[in-house]
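What follows is a short report on a single structure.
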Amino acid sequence: MRALDARERELYAAGAGHYAAICAACHQPSGLGAPGKAPPLLDSPYVLGPSERLAALIAAGMHGPVQIGNETWNGEMPAWKASDEELHALLVYLRREWGHRAEPPTRDEVERGRARAAQRGRPWTASDL
């Protein structure tokens with residue numbers, strides 16, 4: 001795993017703040033999720049998979065059922081109406097926090113994901129992603 005460059009470290013720090021303010025109430029500071037409320041983000045295929053897909057998911061929201069590991073989640077995650085910069089920062093954080101070693105997203109991946117979300121205009125389902 002390569003080290004984050006200076007710009008990515010700035011994004012990571014901003015992303016940590018966004019996560020604490022927006023995501024941690026449901027997904028928990030540990031990323032382990034909350035039973036019956038929100039699935040874990042730790043080792044999630046949605047977090048560690050394609051960055052464009054993750055950006056689209058966060059920008060449009062998602063509703064269940066969603067299978068993560070051996071559990072099915074039927075909740076709904078609301079869309080996050082953030083700027084490209086805020087979304088980029090959150091993705092850098094998610095893909096490197098909790099021991100994750102995924103490559104940070106590029107700005108282009110974030111923009112393409114947001115464009116997919118805008119075209120869709122409604123929350124994703126697991127089968128749509």
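Below, the figures for the structure above:
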| read-out | value |
| --- | --- |
| Conditions (1) assigned to a helix (DSSP H, G or I); (2) without any contact (Cβ under 8 Å) to a residue 24 or more places away in the chain; (3) under 16 Å from ALA38 (Cα atoms): number failed by ILE58 | (2) |
| Leading residue by the ranking (nearest to ALA89 (Cα to Cα)) among those in the stretch 101-129 that are polar (S, T, N, Q) and without any contact (Cβ under 8 Å) to a residue 24 or more places away in the chain | GLN119 |
| Some residue of the stretch 58-68 being within 28 Å of ASP5 (Cβ to Cβ), surrounded by fewer than 21 Cβ atoms within 10 Å (Cβ to Cβ), within 14 Å of the chain's Cα centre (by Cα) and not hydrophobic (A, V, I, L, M, F, W, C) | no |
| Meets criteria (in contact with a Leu (Cβ under 9 Å, 6 or more places away or on another chain), at pLDDT 95 or above, more than 19 Å from GLU10 (Cα to Cα) and part of a helix (DSSP H, G or I)) for VAL47 | yes |
| Residues of the stretch 82-123 that turn out to be more than 13 Å from the chain's Cα centre (by Cα), outside any helix (DSSP H, G or I) and more than 18 Å from ALA21 (Cα to Cα), as a count | 6 |
| Output for the stretch 1-23, where each listed residue is part of a loop (DSSP other than H, G, I, E, B) and under 27 Å from ALA38 (Cβ atoms) | MET1, LEU4 |
| Residue identified as exposed (fewer than 14 other Cβ atoms within 10 Å of the Cβ) and either modelled with pLDDT of 95 or more or touching a strand residue (DSSP E or B) at 6+ places or on another chain (Cβ under 7 Å) (or both) among GLU52, GLU85 | GLU85 |
| Answer residue from the stretch 13-30, given it is over 14 Å from MET77 (Cβ atoms) and touching a Leu at 6+ places or on another chain (Cβ under 6 Å) and is surrounded by the fewest Cβ atoms within 10 Å (Cβ to Cβ) among those | HIS18 |
| Answer from ARG53, ARG9 - the residue that is touching a residue at least 24 places away in the same chain (Cβ under 8 Å), of a type in the set (Lys, Arg) and within 19 Å of ALA102 (Cα to Cα) | ARG53 |
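The values are calculated or read from the model by the stated rules, or taken from the named source; none is laboratory data. Quick caveat: nothing in here was measured; it's all calculated off a predicted structure. Cβ coordinates were reconstructed from backbone atoms using ideal geometry, including for glycine residues, and neighbour counts include every protein chain displayed.
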